[in-house]
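Take a look at the structure set out below.
The values are calculated or read from the model by the stated rules, or taken from the named source; none is laboratory data. Nothing here was measured: the structure is a model prediction, and the numbers come from that model. No Cβ is skipped: glycine too gets one built from the backbone with ideal geometry, and neighbour counts run over all protein chains shown. Ligands, DNA and RNA are excluded from the accessible area calculation, which covers all protein heavy atoms including side chains. Shrake-Rupley method; radii C 1.70, N 1.55, O 1.52, S 1.80 Å.
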Amino acid sequence: MPRGRTAAGRRGRERILQASIDLITDVGIDRVRLAEIARRAGMSSGQVMYYFDSKEHILLETLAWREHQETEQRRAALPVVPAGWPRLELFVDLYLPTSLTDPVWIMWMEAWARAPHSNEVGVFLDKLMQPWRADLAEIVEQGIAAGAFRPPPSVESFPVRFCATLDGLSVLRLRQMPDLSSSELTEMAVRSARAELAPGSAAAA
């Protein structure tokens, strides 16, 4: 049976992933060391390497693990709010970084830096983005059906374009303008969406 597929193996992997994200939160990704991950997980370095091939493998799998958790939480939260702008604004809030030290965003930026040098990493990250784009496409469809949105000029590409906008705003705050508040970032994002989705907007006319 492959490594980590038994109940004990899954628990072992999750201990390592949790230790990894705790370390990133506490000391930053540049100071994460395999030996410290192992220490926090209560394992030896050899035990950690039984489950993962490298530190990069641990970081990518930690990102995927957190994204899976966030997808479950998001899909539970979105249907609770009304379709249209309230649901889109919640999506934006869930997408954007929660703080300047948001560990998930730290891992995303690290992974993006590696993607140009590895097609495998690029494909891996694109798969992680697919649930976000699918959820956004559903929000737009529901908003159109409710009469809150009008169809954007390109319905099919809107999720890719808007997620790219959210990525850009997130990096702007994390790397260039840390004084931007979460509410300001959300306002910028929603203003961009209104240019395409608001009934009577110039972009949609």
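Some observations on this one:
- Residue match in segment 74-90 (condition: of a type in the set (Gly, Ala, Ser), farther than 22 Å from Pro159 by Cα, surrounded by fewer than 19 Cβ atoms within 10 Å (Cβ to Cβ) and without any contact (Cβ under 8 Å) to a residue 60 or more places away in the chain): no
- Checking each residue in segment 116-148 for being farther than 24 Å from Pro86 by Cβ and buried (at least 16 other Cβ atoms within 10 Å of the Cβ) picks out Val121, Phe124, Leu125, Leu128.
- Test: residue in segment 80-101 that is in a loop (DSSP other than H, G, I, E, B), within 17 Å of Ile24 (Cβ to Cβ) and touching a Ser or Thr at 6+ places or on another chain (Cβ under 6 Å): yes
- Yes/no for Arg39 being of a type in the set (Lys, Arg) and at pLDDT 90 or above: no
- Of the candidates Leu166, Leu197, the single residue that is open to solvent by less than 20 Å² (accessible area, probe 1.4 Å), of a type in the set (A, V, I, L, M) and farther than 18 Å from Arg74 by Cβ is Leu197.
- Near pairs, Cβ below 6 angstrom, 6+ apart or cross-chain, from segment 150-175 (under 14 Å from Val92 (Cα atoms)) to any residue that is among the hydroxyl-bearing types (Ser, Thr, Tyr) and surrounded by 16 or more Cβ atoms within 10 Å (Cβ to Cβ): Thr165/Ser192; Leu166/Tyr95
- Test: Gly4 is crowded, with 17+ Cβ neighbours inside 10 Å and modelled with pLDDT under 95: yes
- Of all residues making up segment 149-160, the number that are surrounded by fewer than 16 Cβ atoms within 10 Å (Cβ to Cβ) and either modelled with pLDDT of 95 or more or assigned to a helix (DSSP H, G or I) (or both): 1
- Test: residue in segment 47-60 that is outside any helix (DSSP H, G or I), modelled with pLDDT under 90, on the phi < 0 side of the Ramachandran plot and of a type outside the set (D, E, K, R): yes
- Filtering Thr98, Thr186 for residues that are of a type in the set (Ser, Thr, Tyr), in contact with a helix residue (DSSP H, G or I) (Cβ under 7 Å, 6 or more places away or on another chain) and at pLDDT below 95 leaves a single hit, Thr186.
- Odd one out for Gly46, checked against (1) under 16 Å from the mean Cα position of the chain (by Cα); (2) surrounded by fewer than 15 Cβ atoms within 10 Å (Cβ to Cβ): (1)
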